[in-house]
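Worksheet for the structure shown next.
The values are calculated or read from the model by the stated rules, or taken from the named source; none is laboratory data. Keep in mind the model is a prediction, meaning the values are calculated, not measured. No Cβ is skipped: glycine too gets one built from the backbone with ideal geometry, and neighbour counts run over all protein chains shown. These accessible areas exclude ligands, DNA and RNA; they are computed on the full protein's heavy atoms, side chains included. Shrake-Rupley method; radii C 1.70, N 1.55, O 1.52, S 1.80 Å.
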Amino acid sequence: MSIFVQAPAKVHLYLDIIDKDPATGYFYTSSILVLVPTLFDEITIEPLPGYFHIDVVQDPKSKFKVPLGEDNICFKAASLLHKEAMATGNDHKLSAIKIMIKTNISPMGGFGTGSSNAAAVIRALNKLWDLNFSHQQLVDIVAEIGMEGIFFMENVQCAYVNNFTGECEEIEMSGKLSLEFFDTEVQISVDEILKHIDMEKCRGNKEASVALWQDLIEEPSSVHAHLHNDLERVIGKLYPEIAKWLEKLRNKYSAAFLCGAGNCIAVITRGAKP
């Protein structure tokens, strides 16, 4: 029995860098994430005969290339679930698998595709291997990959996420946002972006973050006044072509913002400027 799943995208309505671990260099962030179910990668998992192993292949119809083998996020997610199954005495249920990925979303766009794919694989394998792990067990496993994975595991439309406190709290929006997306196709390096973050220029948007949360609850069409991303200053400086894209789109639409730590831009199409 093969299992087919869709792994949806997300965007950051705000992204605040709130601290940095001096020992590891890891950045702590708080954010509000919104699911984009109309954008998704497609994943098919097929059981294989023989000794246990994990094969990861890419559908030839994919739009974007991703690393395969042990460097692939789906391989890592399957390996983590396999490890937990072995530790809990479920090794007799584990079959070899082939994971086929069809990438429709730019992995460089800031859409959280890696975390989404990981969450989708963990949910699917829990069913395929008949592990019957609880929701919390699956959340704990995906948390080893990152907080965005927890957001995708929760299967909510919108949530506040804080990777310092470990919070992932659903926000019940009173309406929907009309979004459109633009791929600048600028080649970026997230590692390079993180190297240039200046903590002295972060942590200045607390009031805007609270206001944006309130907008979502009361009137989502008002969020444009409080959108922000602490990475925009860095990305705009390192990649001026993205800054030009943002300026151009902000002249046309009521709001244009980076989807996350990437090269794609989201716009709120409702209320476009004349």
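About its Cα centre, what dipole magnitude does region 165-274 give when the only charges are +1 on Lys and Arg Cβ and -1 on Asp and Glu Cβ, stated in debye to the nearest 20?
The calculated dipole for region 165-274 is roughly 560 debye.
Using a simple spin-label model with points 7 Å from Cα along the Cα→Cβ vector, what separation in nm is obtained for Lys98 and Thr24?
3.7
From the backbone phi of region 236-253, what are the Karplus-calculated ³J(HN,Hα) couplings (6.51 cos²θ - 1.76 cosθ + 1.60, θ = phi - 60°) in whole Hz, Gly and Pro given as x?
x, 6, 6, 10, x, 5, 5, 4, 5, 4, 4, 4, 4, 6, 6, 6, 9, 10
Just to verify a number: FRET efficiency for Gln137 and Ala225, C-beta to C-beta distance, R0 = 51 Å, to 0.05?
The calculated FRET efficiency here is 0.80.
Taking 0.36 nm per residue of separation and subtracting the Cα-Cα distance, what length does fully extending Asp55 through Asn251 add?
65.9 nm is the gain from fully extending Asp55 to Asn251.
Compute the length gained on full extension between Leu68 and Asn162: take 0.36 nm times their separation in residues and subtract their Cα-Cα distance, giving the result in nm to one decimal.
Value of the extension gain: 30.9 nm.
By how many nm would the segment from Asn155 to Ala87 lengthen if fully extended, with 0.36 nm per residue of separation less the alpha-carbon distance?
Once the chain is fully extended between Asn155 and Ala87, it gains 21.8 nm.
Mind checking the per residue accessible area of region 108-218 for me, 1.4 Å probe, whole number of Å²?
Per-residue accessible area for region 108-218 comes out at 51 Å².
For Leu125, what is the net charge nearby, where nearby means another residue's Cβ is under 13 Å from its Cβ and Lys, Arg count +1, Asp, Glu -1?
+3
Quick check: pseudo-label points 7 Å beyond the Cα along Cα→Cβ at Lys244 and Asp130, how many nm apart are they?
Rounded to a tenth, the inter-label distance reads 5.9 nm.
If Lys and Arg each add +1 and Asp and Glu each add -1, what is the summed charge of the other residues whose beta carbon sits under 14 Å from the beta carbon of Asn229?
Within the 14 Å Cβ shell, the charges total +3.
Give the aspartates and glutamates whose C-alpha is closer than 13 Å to that of Lys93, dropping any in the same chain fewer than 8 places away, or say none.
The reachable aspartates and glutamates, counting only those whose Cα sits under 13 Å from Lys93, are Glu84, Asp130.
Would you mind counting up the charge near Ser115? Only other residues with Cβ under 9 Å from its Cβ, with Lys and Arg at +1 and Asp and Glu at -1.
Charge balance near Ser115 sits at 0.
Provide the percentage of antiparallel DSSP beta bridges, counting only those with both residues in the chain; round to the nearest 5.
Roughly 85 percent of the beta bridges in the chain run antiparallel, per DSSP.
From the residues Ile122, Gly175, Ile150, which one has its Cα farthest along the dipole of region 102-198 in the positive direction, the dipole being from +1 and -1 charges on Cβ of Lys/Arg and Asp/Glu about the Cα centre?
Ile122
Listed here are the pairs Lys61/Lys237; Lys63/Lys127; Lys206/Lys237; Lys176/Lys252; Lys76/Lys127; Lys63/Lys201; which of them are more than 26 Å apart at the Cα?
The answer is Lys61/Lys237; Lys63/Lys127; Lys63/Lys201.
Rounding to the nearest 20 debye, state how big the charge dipole of the chain is about its Cα centre with +1 on each Lys and Arg Cβ and -1 on each Asp and Glu Cβ.
In debye, rounded to 20, the chain gives about 760.
Given a cut-off of under 8 Å on Cα pairs at least six residues apart, what relative contact order in percent is computed for region 51-173?
It comes to 23 percent, rounded to a whole number.
Whole-Hz ³J(HN,Hα) for each residue in region 45-62, computed from phi via Karplus 6.51 cos²θ - 1.76 cosθ + 1.60 with θ = phi - 60°, x for glycine and proline: what do you get?
Those phi angles translate into 10, 10, x, 10, x, x, 4, 5, 7, 10, 9, 10, 10, 10, 4, x, 8, 4 Hz.
At 7 Å along the Cα-to-beta-carbon direction for both Ser189 and Gln6, put a label point, then send me their distance in nm to one decimal.
In this crude label model, Ser189 to Gln6 measures out at 3.6 nm.
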